[in-house]
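See structure below.
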Protein chains: 2
Amino acid sequence: MPERTGPPGRRPRADAQRNRSHILDVAEGYFAEHGIAGSLDAIARRAGVGPGTLYRHFPNRDALLAALLEARNAELVSRRDRIHDEAADATEALERWLEALGDWVAAFDGLPEPLRAALREESSPLALTCEGFITTTDDFVRAARDEGGARPGVRGRDVFLGVLAMAWVRGAAMADDQAPPALDALLRTGWAAPADEA
Amino acid sequence: MPERTGPPGRRPRADAQRNRSHILDVAEGYFAEHGIAGSLDAIARRAGVGPGTLYRHFPNRDALLAALLEARNAELVSRRDRIHDEAADATEALERWLEALGDWVAAFDGLPEPLRAALREESSPLALTCEGFITTTDDFVRAARDEGGARPGVRGRDVFLGVLAMAWVRGAAMADDQAPPALDALLRTGWAAPADEA
DNA sequence: CGACCATACGGAGACACCCTCCGCTTTGTC
DNA sequence: GACAAAGCGGAGGGTGTCTCCGTATGGTCG
């Protein structure tokens, strides 16, 4: 995908394309190693380009992140389609979708933070992606609700935020290896025991 | 509470005590205004002291935060006692405790982040406080479970992390005024509808 | 009351990060 | 081969964290 959207100008010069994709490669490794908060200047240095070059291609951290996520977004979308094809019922589909979302958001250490910021600030390349997946989540939730598998009143947006929140807090419980499944269970069924009478 | 723990040396000089408490006052206002991430040097400036003075009293942001929370911790503890006295049953007690925890963690905008970091890094003045409240949460959870109000297998630590996570993600949904209650409900009962047969 | 010393103060400044601006080089084209 | 546009690199401004050290201040003891 060499072009952002439409072709308003002619296509970029060869060296620009080379630099862009090399920066992306380096950033991928750097973020995987140091987490999402690593220094952008350091990435430029490691890529052997000046800071100006990096910032021309990606005006800020979110833009770089968004470009990095592009490939994974595609994977997530195809996973959504696969779930639609394979899942026996809507509840299982929702479960599998949430698992896929959880994997997506765990692509880099610290990713939940910029996603949350994008959701609040709106004007971020990440915001659009998130809104798309929120809509998808809502579709899954509605289907599960129609089937009786999801609680009425629960919105896709809330569940998405829940997944984000759990992924975020998971980072606090490294040593505790029973925390991840416990947090997933918490999001699924909550802490309260089902009451015969509320 | 003029002394940290025990009296290992003589008590601090008068000007030191004055500065310390004045810095605390200013920081309270500054964090309330700009959120937890505001500049520490700016706080020092507003307090009319050099940066060195601020950093001598509070070696880092966490230390300052911990000192600021001290008063609220006391309030939270007394609220816990009040809940113990007043709550009709253990489930209601847990509910009210979680509400109290939610208020505590919302004391400053952005507070969840350093709390999470403290929990993972361990060596932070905030970590000890958190661990204490995790234990308290576990007590409430156990009592509710014995009564049948809380799901078996749910640990106090997980619920505490859940409260933290929901408080964190709440910051993403400012404009959406139905998100806060929805997130609380999500933590309480999850997204899944209670099944007659699992 | 004056001298002495530990304690505490202030601010200069080292360092890291983000990001911009601009003179120079590279690329594509005629 | 020459010319313009596109792109490059890095110097440097702004901000923030945190340290170091010469100096001032407060408590104490003769």
task = Just read off the accessible area of B:His34 with the full protein assembly in place, 1.4 Å probe, to the nearest 10 Å².
result = 100
ask   = So what's the back-of-envelope 222 nm ellipticity for chain B, counting only DSSP H runs of four-plus at -39500 (n - 2.57) apiece and dividing by all residues, rounded to 500?
value = -22500 deg cm²/dmol
ask   = Roughly how compact is the range A:11-58, stated as its Cα Rg over 2.2 N^0.38 Å to two decimals?
value = 1.09
ask   = How crowded by other chains is B:166-174, given as the mean number of beta carbons from other chains within 10 Å of each beta carbon?
value = 6
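Computed FRET efficiency, Cβ-Cβ of A:Asn73 and B:Asn60, R0 35 Å: what is it to the nearest 0.05?
0.40
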remark   = Expected integer from the mean partner chain Cβ neighbour count at 10 Å over B:143-150 is 2
query = Once the whole set of protein chains is in place, how much accessible area is left on A:Tyr55, using a 1.4 Å probe, in Å² to the nearest 10?
reply = 90
note = Longest principal axis of chain A (C-alpha) makes with the long axis of helix A:61-86 (C-alpha) an angle, in degrees to the nearest 10, of 40
query = Under a 1.4 Å probe, what is the accessible area of chain A per residue, stated in Å²?
reply = 51
ask   = At A:Ser39 and B:Arg18, where each label point lies 7 Å from the Cα along Cα→Cβ, what is the point-to-point distance in nanometres?
value = 4.1
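Divide, for the range B:131-198, the radius of gyration over alpha carbons by 2.2 N^0.38 Å, where N is the residue count.
1.26
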note = Taking A:Asp25, B:Asp41 and ranking on accessible area (1.4 Å, protein atoms only), highest first, one gets A:Asp25, B:Asp41
Value in Å of the Kirkwood radius, where the range A:34-159 supplies the Cα pairs that are averaged = 16.1
query = Relative to the other copies, what are the label-point distances for A:Gly153, with labels 7 Å from Cα along the C-beta vector, expressed in nm at one decimal and sorted shortest first?
reply = 2.4
task = Mind pulling the angle between the C-alpha long axis of helix B:90-105 and the longest principal axis of chain B? Nearest 10 degrees, somewhere in 0 to 90.
result = 30
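Which whole-number percentage describes the relative contact order of chain A, with Cα contacts under 8 Å and a sequence gap of 6 or more?
Across chain A, relative contact order equals 17 percent.
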ask   = Mind checking the log10 I(q)/I(0) for the range A:63-121 at q = 0.13, 0.20 Å⁻¹? Debye, one equal scatterer per Cα, no solvent, two decimals.
value = -0.39, -0.80
query = At 37 °C and 0.692 mPa s, what whole-number value in µm²/s does Stokes-Einstein give for the translational diffusion of the range A:78-152, with Rh from the Kirkwood sum over Cα pairs?
reply = 248
ask   = Calculated FRET efficiency, B:Asp85 and B:Ala32, Cβ-Cβ r, R0 41 Å, to nearest 0.05?
value = 0.85
Net charge contributed by nearby residues that have their C-beta within less than 10 Å of B:Ala175 (K/R +1, D/E -1) = -2
key: Tilt relative to chain B, helix B:112-121 - C-alpha long axis, 0 to 90 degrees, to 10   = 90
query = Arranged from highest to lowest average of other beta-carbon atoms within 10 Å per residue, in what order do the peptides A:128-139, B:161-172, A:10-21, B:89-100 appear?
reply = B:161-172, B:89-100, A:128-139, A:10-21
ask   = Given labels modelled 7 Å from the Cα in the Cβ direction, how far is it in nm from B:Arg188 to A:Glu131?
value = 3.1
request  = Report, as an integer, the average count of C-beta atoms from other chains found within 10 Å of each Cβ along A:151-162.
outcome  = 6
key: Compactness of the protein assembly as shown - radius of gyration and Dmax, Cα, Å   = 23.8, 74
ask   = Of all the accessible heavy-atom surface of the range B:57-198, with the other protein chains kept in place and a 1.4 Å probe, what percent is carbon and sulfur?
value = 49
query = Hey, got the dipole for the protein assembly as shown? About the Cα centre, +1 on K and R Cβ, -1 on D and E Cβ, debye to the nearest 20?
reply = 2160
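From the protein chains alone at 1.4 Å, what is the descending order of accessible area for B:Val159, B:Val77, largest first?
Details: B:Val159 0, B:Val77 55 Å².
Final ranking, largest accessible area leading: B:Val77, B:Val159.
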Distant-in-sequence amide H partners of B:Ala150 (H built 1.01 Å from N, under 5 Å) = A:Ala193, B:Arg145
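The values are calculated or read from the model by the stated rules, or taken from the named source; none is laboratory data. The model shown is predicted, which means the values in this text are computed figures rather than measured ones. So basically every Cβ, Gly included, is an ideal-geometry build from the backbone, and we count neighbours across all protein chains shown. Only protein heavy atoms, including side chains, enter the accessible area calculation; ligands, DNA and RNA are left aside. Shrake-Rupley method; radii C 1.70, N 1.55, O 1.52, S 1.80 Å.
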